[in-house]
Each structure stands twice: as structure tokens, then as C-alpha cells.
Amino acid sequence: MNLSNSSQCLNGGQYFRYNNETSKWWSCKCLPCFKGSLCEIQYNYIQFSWTSLISVDIQYSKTNNEKIILKSIYFIITTLIFLISIIQNVFCLITYFRKQIRITTCGIYLINYSLYSLLSITLREITIINTIIIDKYNFFICPILPALSSIIISLSLWTSSFIAAERMLIECFGYSLYRTRKYSFIFSIILLNLIFLTHITEFKRRKLKPDPILPNIYRCTSDDFEWSEKPWKIIDRILTREYLHIGVPCLLHLISTIFILPHIVKHKIYINETENQFWQILLIQLKRHKDFLIPPILVMLCTLPRLLVELITSQYCLDFNMKFILRIYILFRYIYYLPQTIPFFIYVYPSSVYTNQFRQTKIALYLFKKNKTFLSQTDVMRKEKRIVDLKLLDSPQISYEQPVCTAKSTDPTWV
């Protein structure tokens, strides 16, 4: 056997020539993401939808037992996420539809966010069931379903950034909490139309193509536009999902956090005695206003990893045998959907006002009927701790400057 880099092999393939007494033949050993007798066919699994990547991870398993285990793991995880998301978003909706919340502009955005999350998780569950159990594709499964899912996820992420921006306007710029809701309706309609228009290319990019390795198996891919389709290619680059629909909402969350954080601390504190007291008071303020910090920080932590991974992996090739990278990519997609899965723990539970509104709903009264004593004891403990914190803040050893931001709302936890 002789090895050479003959020009017969394309795309960096290595040429093997076999010579013996009975036969003479040759072959090309291709680099990752190339196949064919001359390595003339290029493929990249990074262009596949994330559900297709799950199918790739399952189909390229070494044994049938491994396939069954992977199918069970993916199905159980996705179904649990689906059930948790349904419960949490329903709890959020019955809370947001209470009059004292729905009459606010922020309440409208919160209602939209939960509705988008419900639609997103439902479409995702349908896709996973088709990928793992049915394993058949049609025009609805590809490209309609992935494109719709992408639109709704972008709507959800943008709406969460609107919630953060609304809180910033109320807390730091004196906007009224109860100003007319027509602004939230107008912005929501404009956002819906803009997101749909910027995702038109998704319907054209998503194509059903045969698997490059396995015969008679089709995958939903996201192809780049050919040079003959230059107008579409330019539009797609301008409206690319990674920069516009992930990067900009994360930037809005970051800006709102930077503006609200000084207001949470409220004053620049000068300590006369010990530095430890300053940090103690700072932690008390942050804990008291945790409902302002948890949503934007959690959204950024769940979203930015996916943005970074997609920007990095877009420059590289993902082959079917790169199992570790493949599963890391799938894991980050699951993390990306976490804010839509646990909205109750992000928006309702950290806020004492929203929590009290939820406790007044029929479903909460039914669930906590047997725990009234426990809840009352917990409320007493919280009140006692709050009194201690207020006494600490009113200590004469501390002097304050003027607050950075002022708000018209007497209770900032409303938003």
C-alpha cells in the first residue's frame, strides 16, 4: 500500500494506492465533513436543526441498547421540561390576569411572554416526538415548524427585554406604573410584525435533505444561500438571528440592569465604623429587590452561551463522530429554553407583590389550603426579618447621598 497526496483526491483527502499480485486499486481517505470517492461532497452537521442533531446523536450510536437509552433520555428530559413549562406558565397567566397586574403596561408584556412560552414549548415537544418516535418529515415538520418555533422564541426573548426596559423606565426615569396600556399593545403588535418579517429567510433556508452518511434518512437543515440568490443572502446576513434576535435583547437586559442596580442600592453609603456593615446593608438591599435582578441576569446567562457557541462553531465543521461537541451544542440549546420553562420562578416568586396576587387565586387557595398555618408562620418570620433590616438601615452611623434614580411607585416590586 502506498500513501500519497495525489491530486485525484479533493478537499485535502489522502490518496491510497494498493498494489499486489492479484489486483490494483486506490481510494481516498477524506477529512472530517467530506465524503465521496474523491472527497467531493461536503457536509456540516452544525447546519442541522437542534432536533435533527438529537436524531444524529441517536442514529450514530454504536449499539441498539445505546440507541434505546439515548431515546429514553431525550424523551424524558423534553417531556419533563414540557410539563414543568405548562404548569409554570399557567400559574403565571392566572397571576398576570388579576386586575392589579393586567392594568399595568408591564403586566401586558408578562402575559405575552407566558403565551409565547406556552407556544414555544408546545412546538418543541411536537418536534421532539416526531424526531424520536415517528422519525418522518414533511412540509409542516420542515420548514414550517422550525421557522415558527424560531419566530416564537425570538418573540419571547424580545418580550423579556421589553419587561426589563419597562421596569427601568419606571424605576429610574419616573414613568408612571399605571400609564395607558395602549403603548404596550402597540409595541407588541409592532414587535410581532418585525419578528415575522425578519424570519422570512428561515422559511427559505430550512430544507429537507438526505443524511450525508446514512441512506434513506432525511434531516431538516439550515442551508446558506447560493451566490445565485445574492439578494436573499444579503438580507439573511443583515437579519442574522445570532446578532439581532439574541445579541440585542441581551444588550437591553444588560443596560436595564446597569441602570436599576444603583437604584436598588439607593444611596452611596459611607460607613463610619466597619466595612462589614456596608456589605451587609448592600446584601440586604439586593436581596430585597431580587425581583429586579433575577430575570435579566438569568436570561443573559441562559442566552449568551448559545450565542457564543453558534458564533464559534459556525467557523468549524461538525462531523457525526464528534459526539462530545454535538452533545454540548444540544445542552446549550436546552439551557437556552430555560427562561421559557420556569417563568414562575423568574418573575412571580421573587416578587412579594406578584406572590401575594398568586396566593389569592383559586388554584393557589386550593393548593395551599392545608398549609395555611405554615404560610402564616412564614409570613411572620419574613415581617420580623424585615423589621430588623429596616432598623439596620436606619442606623445613625450611616449617611446617604441623593439617590441615583427616583420612582413614582411607592412599591417597586409591582413591576
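The values are calculated or read from the model by the stated rules, or taken from the named source; none is laboratory data. Computed from a predicted model, the values in this text were never measured in an experiment. Note that we place each Cβ from the backbone using ideal geometry, even for glycine, and neighbour counts take in every protein chain shown.
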* **segment 146-165, residues that are of a type outside the set (Gly, Ala, Ser) and touching a Ser or Thr at 6+ places or on another chain (Cβ under 6 Å)** => Pro146, Ile152, Ile153
* Sort through Leu177, Leu110 and tell me the only one that's within 24 Å of Ala364 (Cβ to Cβ), surrounded by 15 or more Cβ atoms within 10 Å (Cβ to Cβ) and modelled with pLDDT under 85. => Leu177
* Among the candidates Thr127, Thr159, Thr122, residue that is part of a helix (DSSP H, G or I) and either crowded, with 24+ Cβ neighbours inside 10 Å or at positive phi (or both) -> Thr159
* Quick check, is Ile152 in a helix (DSSP H, G or I) and over 17 Å from the mean Cα position of the chain (by Cα)? -> no
* Out of all the residues in segment 53-66, is one or more part of a helix (DSSP H, G or I), without any contact (Cβ under 8 Å) to a residue 12 or more places away in the chain and closer than 17 Å to Asp211 by Cβ? -> no
* Asked: Just checking, which of Leu3, Leu10 is outside any helix (DSSP H, G or I), surrounded by fewer than 19 Cβ atoms within 10 Å (Cβ to Cβ) and either at pLDDT 80 or above or charged (D, E, K, R) (or both)?
  -> Leu10
* Asked: If you scan segment 302-335, which residues turn out to be assigned to a helix (DSSP H, G or I) and without any contact (Cβ under 8 Å) to a residue 40 or more places away in the chain?
  -> Cys302, Pro305, Leu308, Val309, Ile312, Phe324, Ile325, Ile328, Leu331, Phe332, Ile335
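Okay, residues lined up against (1) more than 15 Å from Phe48 (Cα to Cα); (2) among the aliphatic types (A, V, I, L, M):
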{"position": "Ile126", "(1), (2)": "yes, yes"}
{"position": "Pro146", "(1), (2)": "no, no"}
{"position": "Ser149", "(1), (2)": "no, no"}
{"position": "Phe162", "(1), (2)": "yes, no"}
{"position": "Ile170", "(1), (2)": "yes, yes"}
{"position": "Gly174", "(1), (2)": "yes, no"}
{"position": "Leu208", "(1), (2)": "no, yes"}
* With respect to Asn138, is the statement that it is over 30 Å from Leu261 (Cβ atoms), more than 18 Å from the chain's Cα centre (by Cα) and either at pLDDT below 90 or not in a helix (DSSP H, G or I) (or both) true? -> yes
* With Ile255, Ile217, Ile271, Ile235 as the choices, which residue is in the same structural domain as Arg167 (by TED's automatic domain parsing) and either touching a Leu at 6+ places or on another chain (Cβ under 8 Å) or modelled with pLDDT of 80 or more (or both)? -> Ile255
* Structure fact -> Taking segment 181-211 and keeping residues in contact with a Ser or Thr (Cβ under 8 Å, 6 or more places away or on another chain) and aliphatic (A, V, I, L, M) leaves Leu191, Ile195, Leu208
* **Near pairs, Cβ below 8 angstrom, 6+ apart or cross-chain, from segment 155-172 (closer than 14 Å to Leu298 by Cβ) to any residue that is part of a helix (DSSP H, G or I) and aromatic (Phe, Trp, Tyr)** => Ser156/Tyr113; Ser156/Tyr116; Ser160/Tyr113; Ile163/Tyr109; Ile163/Tyr113; Ile163/Tyr347
